[in-house]
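I have placed the structure first, in the form of structure tokens, so that the comments after it can refer back to it.
We did not get these values from a lab; they are worked out from the coordinates using the rules stated. The structure presented is a predicted model; accordingly, all values stated were derived computationally and were not measured. Because the Cβ atoms are built from the backbone with ideal geometry, glycine has one as well, and the counts that use them run over all protein chains shown.
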Amino acid sequence: MFGPDKCGSTDKVHFILQHKNPKTGKFVGHHLKYPRSVPYDKLSHVCTAVFKPGNELQILVDGEEKRKTNFFSADHFEPAFIPPKTIPDPNDKKPEDWDERAKIPDSDAVKPDDWDEDAPMEIEDEEACEAAPGCGEWKRPMKRNAEYKGKWHAPLIDNPNYKGIWKPQVIDNPDYFELDKPDFEPITAIGIEIWTMQDGILFDNILIVSNEKTAASASSDVLSDFQKKVFDVLYKIADIPFLEAYNNQIIDVTEKAEKQPILTVGFLVSVVVVVATTILRLLFGRKKPQASCSRFTDN
């Protein structure tokens, strides 16, 4: 599974690869950890996953690298493609007399005779002045009780029976295997999984190829076609008569954007939306005059 996933707190371009365990024959889904977030806009984007020589994975968004990792990196996939060589023995049990407490209460300690557990934390301030400025019924303020000590507890000492934190014995992992390269199943088809409460979401231009340059060229063509439409709209906007005062600025921005289309197409779409909204308001946004109301009296 590969692609954008944005729902609630979930915000990622995720990658999940089903890999067949050569020992058990079972397929396991391996999730790429620390995925990058989905572009925060409503524009079209091209997401690309590249399986590179050397067991490398590259994730691109609009042709820009967002993530690069190795399939055999245990820190980057959950679970790791290659299981750990050793595992904790699931049958090993902690002995009943195993003491994990580093400190214990001193059994020989005795509470001092002058330790008053019932003394309150705060007492009335006898030195407070009733003549202080204020209004309403005067109440003597409270202050911390110097005699307050709280509940007495025996001090802690080193535990002579402390054995440390118990851990099960380590054994060889029966599911461990080695691979020189991932023996992935062939990728020959695409299935789209989508759950949404919004309409207007489209997927197109889906491509599976073995040549990275072919994929890059196709991605560029898709983006270029979309950008060309945006630029054409901007040039038409510049020719609108009542926007003549802004003609030079619009053309200047458009020409600069054509030199760096991927970086600026988002901005240009915003410009198109703002300008189009302004035009619509000018053409249709005038309020209709309200009909005058006369008051009639029934004789």
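Given charges of +1 on the Cβ of Lys and Arg and -1 on the Cβ of Asp and Glu, with all other atoms neutral, how large is the dipole of region 76-218 about its Cα centre, in debye to the nearest 20?
460 debye
Figure the gain on full extension for ARG144 and PHE184 (residue separation times 0.36 nm, minus the Cα-Cα span) and round it to one decimal in nm.
Between ARG144 and PHE184, full extension yields 7.3 nm more.
What ranking, highest mean first, results for peptides 188-199, 104-115 when packing means the other Cβ atoms within 10 Å averaged over each residue?
Packing proxy ranking, top to bottom: 104-115, 188-199.
Can you give the FRET efficiency to the nearest 0.05 for ILE206 and ASN70, using r as the Cβ-Cβ distance and R₀ = 35 Å?
E between ILE206 and ASN70, to the nearest 0.05, is 0.85.
Between ILE165 and GLU56, what FRET efficiency comes out of the Förster formula 1/(1 + (r/R0)^6) with R0 = 51 Å and r the beta carbon distance, rounded to 0.05?
With R0 = 51 Å, the Cβ-Cβ based efficiency is 0.85.
Go through LYS93/LYS167; LYS111/LYS149; LYS12/LYS52; LYS12/LYS181; LYS26/LYS167 and tell me which ones have a Cα-Cα distance over 20 Å in this structure.
Going by Cα-Cα distance, LYS12/LYS52; LYS12/LYS181; LYS26/LYS167 fall outside the 20 Å limit.
Could you check the spin-label model distance between PHE27 and ALA128? Points 7 Å from the Cα along Cα→Cβ, value in nm.
Here the modelled spin labels are 7.4 nm apart.
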